Structure formats: structure tokens, C-alpha cells
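Take a look at the structure below.
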Amino acid sequence: MSATVIDGKAFAAKVRGQVATHVTALKNDHGITPGLAVVLVGEDPASQVYVRSKGKMTVEVGMKSVEHKLDADTSEADLLALIQKLNDDAQIHGILVQLPLPDHLDEDLVINSIDPAKDVDGFHISNVGLLGTGQDSMVPCTPLGCLMMLRDHHGSLSGMDAVVIGRSNIVGKPMAQLLLGDSCTVTIAHSRTKDLAEVVRRADIVVAAVGRPQMVPGDWIKPGATVIDVGINRIDKPEGGTRLVGDVDYESCAAVAGAITPVPGGVGPMTIACLLANTVTACCRANGLPAPEGLTA
Ligand code: NAD
């Protein structure tokens with residue numbers, strides 16, 4: 001069997017197109033321009049690339065983009081004061097603080113100081129609680145993107161066996177909640193899971209979010225299963241230079257799976273598209289309008 005490749009790049013372009021349509025309608029019908037503020041503390045090169053790309057795509061879909069770049073030694077008080085200002089700013093509907101933060105800043109405190117209604121990353125404890133209890137919330141972008149691709153491929157996920165490898169707060173746990181919300185039977189596997197191969201072999205849906213290059217081989221995959229690879233790992237090429245790979249061994253998994261996301265070009269582009277989708281959702285809710293269909297969980 002050769003798996004269908006789930007093209008996250010094309011899917012993300014479609015989602016951004018839908019976001020742009022909603023932004024135009026918000027402007028034309030209500031005179032509202034959704035605004036996203038991104039806060040970057042320090043000069044982590046990967047974070048700088050992410051922030052640049054988020055800003056560019058925010059503008060491309062017609063939204064207002066604001067970037068706040070703060071020095072690495074910014075005090076917690078100054079950062080919290082900026083977040084308070086953005087919380088109070090009616091033109092800003094989404095606030096994202098780029099992680100990781102420098103060590104002297106308390107990440108939980110900072111994230112929980114964002115107005116939950118503007119928490120477009122979905123990391124605030126209120127949003128985590130709302131998601132866990134099946135209520136409308138801001139949903140973390142990466143798992144939301146995975147869910148959208150799964151729904152698009154399968155239609156209903158009801159009754160499917162899903163295994164999520166990884167239990168992080170930003171990917172593994174919210175992914176499991178979303179799959180449960182779509183009536184999958186969900187197992188969360190992690191670094192202490194016994195006989196991971198056997199656990200994964202039961203799954204109709206495998207979501208790998210581990211951060212270990214190519215750790216899931218094809219012989220762990222049930223024939224016909226759908227494999228969503230969240231991992232982004234840079235490895236050395238034998239001929240020199242580096243390349244990006246996921247957490248699953250693509251060639252051997254694609255030979256067995258029914259469908260698979262590639263790395264790059266799978267989950268990655270969906271993450272930014274979902275950030276934009278969340279910003280439109282936050283803007284609609286802030287203005288008493290229904291959240292756009294198809295762009296929420
Ligand atoms: P994390 O380090 O916070 O969590 C990794 C999880 O993997 C942990 O829960 C741990 O228990 C589990 N784990 C570690 N070793 C394991 C093993 N041998 N067997 C089973 N489980 C094991 O990582 P994260 O933030 O969830 O990110 C995971 C991966 O996804 C990383 O490669 C990251 O770069 C990538 N990521 C991609 C996107 C995207 O947009 N595509 C977004 C976020 C994260």
C-alpha cells in the first residue's frame with residue numbers, strides 16, 4: 001500500500017483563503033479589522049523566523065499585525081505591563097507571546113496574564129479548562145491544524161482508535177482532548193509507555209509529537225492507519241548539510257499507512273494558518289458575532 005499524502009501546505013493555503021474572506025466581510029459589513037499582536041522577548045533565531053513569518057501572513061490575509069520586540073533582559077514587570085496594555089487595546093483581538101521565554105521570566109505567569117479571550121495560542125489555563133470540558137475555547141494552533149486535516153480526510157472520526165505520542169501541554173494533551181471531543185478512543189503515550197510499538201499498532205490514527213527524529217518505524221503502523229507527524233527535527237545529511245525530518249520514518253510508514261503528513265509541508269504550515277483562524281474567531285466573539293464555521297474545533 002502507498003499512503004495518500006496529506007498536503008498541509010495546500011490545506012493551509014485554503015484555510016488562509018477562508019480567513020481572508022472572513023476578514024474582508026468583517027471590514028466591509030462591520031468596519032472591524034482583526035488585529036494580532038506578537039510579543040518576542042530576546043533574540044532566539046528560530047523564534048525570530050517564526051515571528052517574521054507570522055507577521056507576514058497576518059498582513060497577507062488583511063489583518064492588522066503588531067510586533068513587539070523586547071530585549072532579552074526585559075523585566076517580568078515590563079512584560080506584564082505590555083500584555084496588560086494589549087489586553088486593554090480594543091484593536092487587538094489576538095495576543096501571542098512567542099515561547100520559549102528567557103529563563104528569568106515565569107512562562108506560566110506570563111501566559112496566564114493574557115486575556116483568555118485574546119489567547120490565540122490557547123495556552124491560558126481558562127482555555128485549557130474550557131477545552132477539557134468541551135466548551136468553546138481558544139484551541140492550541142498545532143493540534144487544531146491536525147484535527148482539521150483529520151476531519152478533512154476522514155469526515156467523521158467517531159469510534160476510531162487514536163494514539164497520541166507525546167504529552168506536552170502545547171501539542172499532546174490538547175490533541176488528545178480534541179480527538180476525544182470527536183469521539184475517538186484515545187490513548188496518550190509518552191516516554192514511560194511500556195511497549196510503545198504494540199500501543200501504536202492498535203491505532204487507526206497516530207499523532208506523533210515527540211521531538212525524536214524518525215523514531216516511529218513503519219512496522220509499528222497498522223495497515224491503512226492515518227499518520228500525523230508533528231515533529232520537526234533537523235538532521236545531518238550524509239552528503240553534508242542538514243534536512244528536516246519528522247518523528248516518524250516517512251518512507252517505511254508511508255508504505256503501510258493509508259494517509260500520512262510529510263515533513264516539511266504537513267502540520268507546520270497548518271499551525272500558522274490556525275493562528276490566523278483563531279485571531280478571526282477571537283475577533284468575531286469579541287464583537288458578538290458567530291465564530292466562522294470550519295475554522296474552529
Ligand atoms: P515536548 O518535548 O514538550 O514533549 C515531547 C513529548 O514526547 C513528551 O511528552 C515525552 O513524554 C514524549 N517522549 C519523549 N521521548 C519519548 C519516547 N522515546 N517515546 C514516547 N514518547 C516520548 O515537545 P512538543 O513541544 O510537544 O513538540 C514535539 C515535536 O513537535 C517537536 O519536534 C517539535 O519541534 C514539534 N512541534 C511542531 C509544531 C509544528 O507546528 N509542526 C508545533 C509544536 C511542536
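The values are calculated or read from the model by the stated rules, or taken from the named source; none is laboratory data. Because the structure is a prediction, the values reported are computed rather than measured. With ideal geometry, Cβ positions are generated from the backbone for all residues, glycine too; neighbour counts draw on all protein chains shown. Accessible surface is based on the protein model in full, side chains and every heavy atom, while ligands, DNA and RNA are left aside. Shrake-Rupley method; radii C 1.70, N 1.55, O 1.52, S 1.80 Å.
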- Item | Percent carbon-and-sulfur accessible area, region 170-268, ignoring ligands, DNA and RNA, probe 1.4 Å | 52 percent
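Calculate, in nm to one decimal, what LYS85 and ASN287 gain on full extension: separation in residues at 0.36 nm each, minus their alpha carbon distance. Can you show the working numbers first?
Working: separation 202, 0.36 × 202 = 72.72 nm, distance 1.92 nm.
Residue separation times 0.36 nm, minus the Cα-Cα distance, leaves 70.8 nm.
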- Task: Give the long-range amide H neighbours of THR185: residues separated by 5 or more places, or on another chain, with amide H under 5 Å away, using H modelled in the peptide plane at 1.01 Å from N.
- Result: GLY159, MET160, ASP161, ALA162
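Answer rounded, prolate or oblate for the chain, using the Cα gyration tensor with square roots of eigenvalues a ≥ b ≥ c: rounded when a/c is under 1.5, else prolate when a/b is larger than b/c, else oblate. Provide the component values of the computation, followed by the final result.
Working: a/c = 1.74, a/b = 1.47, b/c = 1.19.
It comes out prolate by the Cα gyration axes.
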- Query: If you roll a 1.4 Å probe over the heavy atoms of the protein chains, what accessible area per residue do you get for the chain, in Å²?
  - Reply: 45 Å²
- Task: Considering only protein heavy atoms, with the full assembly of protein chains and a 1.4 angstrom probe, order ARG16, ARG201 by accessible area, largest first.
- Result: ARG201, ARG16
- Say each of LEU180 and LEU244 gets a label point 7 Å from the Cα, pointing the same way as Cα to Cβ; how far apart are those two points in nm? 3.1 nm
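Using 0.36 nm times the number of residues separating ASP219 and ASN28, minus their current alpha carbon distance, what extension gain do you get?
Numbers: separation 191, 0.36 × 191 = 68.76 nm, distance 5.32 nm.
Difference between extended and current length: 63.4 nm.
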- Note on the structure: Using alpha carbon centers only, region 93-141 is separated from region 238-297 by a whole-angstrom value of 19 Å
- Binned at 10 Å from 0, what are the whole-percent values of the Cα-Cα distance distribution for region 42-88, short to long? 22, 43, 33, 2
- aspartates and glutamates with Cα under 19 Å of LYS54, excluding same-chain neighbours fewer than 8 positions away: GLU43, ASP44, GLU67, ASP119, ASP121
- Rounded to a whole number, what % of the accessible area of region 1-148 do carbon and sulfur atoms account for, probe 1.4 Å? 52 percent
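Of the beta bridges DSSP finds with both residues in the chain, what % are antiparallel, to the nearest 5? Please report the intermediate quantities before stating the final value.
Numbers: 4 of 34 bridges.
In the chain, DSSP labels about 10 percent of beta bridges as antiparallel.
For the chain, what's the relative contact order in percent, using C-alpha pairs closer than 8 Å and at least 6 residues apart?
Numbers: 604 pairs, mean separation 64.8, N = 297.
Once divided by the residue count of the chain, the mean separation gives 22 percent.
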- Item | Nonlocal amide H pairs with ILE165, under 5 Å, H built at 1.01 Å | ALA189, VAL207, ALA208, ALA209
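Per residue and in Å³, how big is the convex hull formed by the alpha-carbon atoms of region 21-110? Kindly include the intermediate steps, with their values, before the conclusion.
Values: hull volume 7.8 nm³, N = 90.
Spread over its residues, the Cα hull of region 21-110 gives 87 Å³ apiece.
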- For region 226-297, shape from the Cα gyration tensor axes a ≥ b ≥ c, cut at a/c of 1.5 then a/b versus b/c, turns out oblate
- What net charge is computed for the residues neighbouring CYS184, neighbours being all others with C-beta under 15 Å from the C-beta of CYS184, Lys and Arg scored +1, Asp and Glu -1? +1
- Would you work out if region 178-297 is rounded, prolate or oblate? Take a ≥ b ≥ c from the square roots of the eigenvalues of the alpha-carbon gyration tensor; rounded if a/c is under 1.5, else prolate when a/b is larger than b/c, oblate otherwise. oblate
- Query: Which lysines have a Cα lying under 21 Å from the Cα of LYS194, excluding residues fewer than 8 positions away in the same chain?
  - Reply: LYS173, LYS222
- Query: Around VAL41, which amide H atoms from residues at least 5 apart in sequence, or from another chain, sit under 5 Å from its own amide H, with H modelled in the peptide plane?
  - Reply: LEU70, GLN98
- Relative contact order of region 244-297 (C-alpha contacts under 8 Å, at least 6 apart) in percent is 25 percent
- Message: What figure, in Å² to the nearest 10, do you get for the accessible area of ILE92 with a 1.4 Å probe and non-protein molecules left out?
- Response: 0 Å²
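Within a Cβ distance under 12 Å of ALA291, other residues only, what is the Lys/Arg minus Asp/Glu net charge? All intermediate terms of the calculation are to be shown ahead of the outcome.
On the way: positive: ARG285; negative: ASP136, GLU293.
That works out to -1.
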- With r defined as the distance between the Cβ atoms of ASP73 and ALA197 and R0 fixed at 45 Å, what FRET efficiency is calculated, to the nearest 0.05? 0.45
